[in-house]
Amino acid sequence: MKPLLGGKGANLAEMTNLGIPVPPGFTITTEVCRYYYTNKKYPAKLRADLAGALKKLEKATGKRFGGAGNPLLVSVRSGAAVSMPGMMDTILNLGLTGKTVEGMVGLTQNPRFVWDAYRRLIQMYGNVVDGIEHEKFEHILDEVKKSRGVKEDTRLEAEDWQKVVAGYKKLYRNEKGRSFPDKAEEQLDGAIRAVFGSWMNNRAVTYRKLNKLDETKIFGTAVNVQSMVFGNMGDDSGTGVAFTRNPSTGEASYYGEYLMNAQGEDVVAGIRTPKHLDALKEDNETAYRQLVKIFGRLEKHFRDMQDVEFTIENGKLFILQARNGKRTAAAAVKIAVDLVAEKMISEKEALLRVEANSINQLLHPMLDSKRRNEFKIIAKGLPASPGAVSGEVVFSAEEAVEAKEENRKVILVRTETSPEDIAGMNAAGGILTARGGMTSHAAVVARGMGKCCVAGCEGMAVAERGGYFVANGTKVSRGEVVTLDGSTGEVFLGEVPSVEPSLSGDFARLMKWADKIRKLGVRTNADTPKDAQAARDLGAEGIGLCRTEHMFFEEDRIFAVRQMILSNNLEQRQKALEKIFPMQKDDFRELFKVMKDLPVKIRLLDPPLHEFLPKEEKDFAALAAEMNLSLEEVKRKAEELFEFNPMMGHRGCRLGITFPEIYQMQVRAIIQAACELKKENKMTVEPEIMIPLVGMVSELKQLKDLLIPVIEETMRQQKVTVKYEIGTMIEIPRAAVTADKIAAEADFFSFGTNDLTQMTFGFSRDDAAKFIKDYLDKKTLGDDPFQTVDQEGVGELMKWAVEKGRQGNKHLHIGICGEHGGDPATVKFCHNIGLNYVSCSPYRVPIARLAAAQAVIENDF
């Protein structure tokens, strides 16, 4: 019933059927909300239906709405199909008027309570319905408290609350040019309209956007009109919020707070310090025991941890709301595993209870939630790579490397990073950039390294030579300490304490269930033994992408790489390559050792050559001296390599065709490393050689014809045979369209979705961050296509390539190695179109494992 009644309304109905003490009321359905936003008016019969529902409520309570003798007061609350805590509006104490206030005073013999309730109504109604600033009401209340010489609301008497009410009514009249509504029906009508209207307030819209809630499926809120019960009628009354399990840790212990002589908003407003739930044993033992019993019934019925709102009126307990409680990732894992042990849910249900993306929180250091509010947020960017890290600010890769040697933790701050910064990125504790998106160089490399990264900080200007950056008016100089939260994109001034994650047995158990169910393999994108080991520890089943260019940037080989690029002839180039060969071979040996018995897919050199060239004058001079060339000649050759659009220029397989000796050296290094390990350690190594950026079958065939003889010759020399495969990346639309032809020459396909996305959309992934936000805000795009695969466009090309590829080669093995490989929605899409595996950065491997299992379960349902 949630799509119709909203989560709150459906649960109130359920609890009523269970015999749980719920104040009577009725629900106006989400259909009315949809009707209003579609037709810009309410249904004609709404008023009559509302009058009928009120009559039934009056009969159930024995009270009359707007009546003087025994007045019925109601609350009006929102309730969407999906829980959106605090995002939409609520109004309490509706029905209090000049006439009913006197009736309530006579009925309760408690004028203080009645006038307090009346001032709350005026304040909430004035703010929610008529938009009067909350602070203006608070100013009046503060003046009355000041005149009485008290600090707490509970110290005010009935006469004081009458003064507050008079001040509130005057404020309302001055702000709106009319008196506060003195008819109960008028109040109810305004409140219902305001709650429906709150569906589109900024908070609610932002919440749905951040949580990627599909409005086409859950559009609209219901409105719940419920008879009031009062926690502020005296010392035997109270109100509170509780969880049936700890929402932070998942421990099976009750967790909550309450206040005596208070209404609901007092508990969360911070005006008074609430008591821990356990103290209710002393304040009202009967209510406490009844509440605990209800907790058990609710958990068993809803089969999940519950968030419960309750009120005690004159010693009697009422439950105002119960819903599945929000929880941390750690708590979600523990609760899911515990509920299986308690035989409340199945293993499959447990896997669906944990949001795949949320387990990012478990795999990286996190900021101490108790301390983070003590520090100033100076900037906010994209949460490019999760984790939390503090360090001194540095502005160059060289500074970062020096700092690491001195055991200092630093944050590398750049306008944007380049491949040449790789050593500094590796040395830094975290990376902060002013430009770039979620798939920018900084983001991609940081995720692969497991480094915390915040990218694309708007309002941040980096003066790298000046040694400072300015973010939203705050200047931060070299050596000052900042803290990055890679899970939220926030940048703090100073060192915010962090806490290390602990992957408990519950996490391992959940992952074991996922692995038992999933059909999709999960590999990792890793270029170093450290990354490969981290991924293997997290459950990776091989390497789906090793980017060999990252190896080229290591300090001990970049010089030889530059010599190779700037060589005048083949002889010079081969001489430089011979220097690089043993380094590459050793890289592959170490990688193969870590991934023993697991497949390793190695992409041959992909980026344009100019990315490897120096930028500093001193580096050009050193290179000229080593190559026995003039500085001018070296610079001229570097200029010749300049490209206007390098991402679509001389890169990928085009390098292999024009400079075949580069790919020949790399393939020889791969095969010799595999042969040596097989001889020495009897290891099973099956390298998968991946040729990038193929758009035509002729490119793949020419390169195979070039490389296979080198492979065969290397095995002959080593007197060892190893099994190998040669395949390609599908990252050009033409390759997808002609996949059947390319598949005839390929052992495997691997979708490079970063390039496939930018070439299909015509978006530059390095520049798109400038306008993608507007596209998302204006709903031109539903999701950032560089974070989640665009299933309508890019996804159709992928489906086409899978279908045609397997027509051309029925044994074709197909995976994905773009950054999308760790996105849960993309993982599920890959399962649905029949891929064999996904590959992602090491710290997203568990996310992919869980998402792959969820894909199977969701399809079964």
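In this structure, MET759 does satisfy being open to solvent by 30 Å² or more (accessible area, probe 1.4 Å) and either part of a helix (DSSP H, G or I) or in contact with a helix residue (DSSP H, G or I) (Cβ under 6 Å, 6 or more places away or on another chain) (or both).
When each of LYS151, LYS209, LYS163, LYS217 is tested for being open to solvent by 70 Å² or more (accessible area, probe 1.4 Å), modelled with pLDDT of 95 or more and either in a helix (DSSP H, G or I) or touching a helix residue (DSSP H, G or I) at 6+ places or on another chain (Cβ under 9 Å) (or both), the lone residue that passes is LYS163.
Condition first: free of Cβ contacts under 8 Å to residues at least 60 places away in the same chain, open to solvent by 70 Å² or more (accessible area, probe 1.4 Å) and either closer than 20 Å to PRO24 by Cα or in a loop (DSSP other than H, G, I, E, B) (or both). Now tell me which residues in the range 291-320 satisfy that.
Scanning the range 291-320 gives a single hit, ARG303.
When ARG478 is tested against the conditions (1) open to solvent by less than 50 Å² (accessible area, probe 1.4 Å); (2) in contact with a Gly (Cβ under 7 Å, 6 or more places away or on another chain), the lone failure is (1).
Evaluate the range 677-693: report whether one residue or more is at negative phi, among the polar types (S, T, N, Q) and at pLDDT 95 or above. No - not one qualifying residue is present in the range 677-693. Of all residues in the range 718-762, exactly one satisfies the criterion of being polar (S, T, N, Q) and without any contact (Cβ under 8 Å) to a residue 24 or more places away in the chain, namely THR721.
Residues checked against (1) open to solvent by 60 Å² or more (accessible area, probe 1.4 Å); (2) over 30 Å from ARG536 (Cβ atoms):
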{"residue": "ILE602", "(1), (2)": "no, no"}
{"residue": "PRO608", "(1), (2)": "no, yes"}
{"residue": "GLU611", "(1), (2)": "no, no"}
{"residue": "ALA622", "(1), (2)": "no, yes"}
{"residue": "ALA625", "(1), (2)": "yes, yes"}
{"residue": "GLU632", "(1), (2)": "yes, yes"}
{"residue": "ARG636", "(1), (2)": "yes, yes"}
{"residue": "GLU639", "(1), (2)": "yes, yes"}
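In the condition set (1) surrounded by fewer than 19 Cβ atoms within 10 Å (Cβ to Cβ); (2) of a type outside the set (A, V, I, L, M); (3) outside any helix (DSSP H, G or I), PRO181 is compliant with all but (1). Of the residues making up the range 57-71, not one is crowded, with 19+ Cβ neighbours inside 10 Å, touching a Leu at 6+ places or on another chain (Cβ under 7 Å) and farther than 14 Å from PRO24 by Cα.
Quick one: count up the residues across the range 674-695 that are touching a Leu at 6+ places or on another chain (Cβ under 8 Å) and buried (at least 18 other Cβ atoms within 10 Å of the Cβ).
Going through the range 674-695 one residue at a time, the tally reaches 6.
Evaluated against (1) in contact (Cβ under 8 Å) with a residue 60 or more places away in the chain; (2) over 30 Å from ILE345 (Cβ atoms); (3) surrounded by fewer than 24 Cβ atoms within 10 Å (Cβ to Cβ), LYS810 falls short on exactly one condition, (1).
Looking only at residues in the range 344-381 that are out of contact with any strand residue (DSSP E or B) (no Cβ under 6 Å at 6 or more places or on another chain) and of a type in the set (Lys, Arg), which one is nearest to HIS820 (Cα to Cα)? Top of the filtered list is ARG353. Applying the condition of being surrounded by fewer than 21 Cβ atoms within 10 Å (Cβ to Cβ) and farther than 15 Å from ASN261 by Cα to the range 105-124 and asking which residue is modelled with the lowest pLDDT yields LEU107. Do we have ARG77 as open to solvent by less than 40 Å² (accessible area, probe 1.4 Å), modelled with pLDDT of 90 or more, among the charged types (D, E, K, R) and under 43 Å from the mean Cα position of the chain (by Cα) here? Judged against the criteria, ARG77 is a match.
The values are calculated or read from the model by the stated rules, or taken from the named source; none is laboratory data. On a predicted model such as this, the values are computed, not experimentally measured, just so you know. Please note: Cβ atoms are built from the backbone with ideal geometry, for glycine as well, and neighbour counts cover all protein chains shown. Note: areas computed on protein heavy atoms with side chains; ligands, DNA, RNA excluded. Shrake-Rupley method; radii C 1.70, N 1.55, O 1.52, S 1.80 Å.
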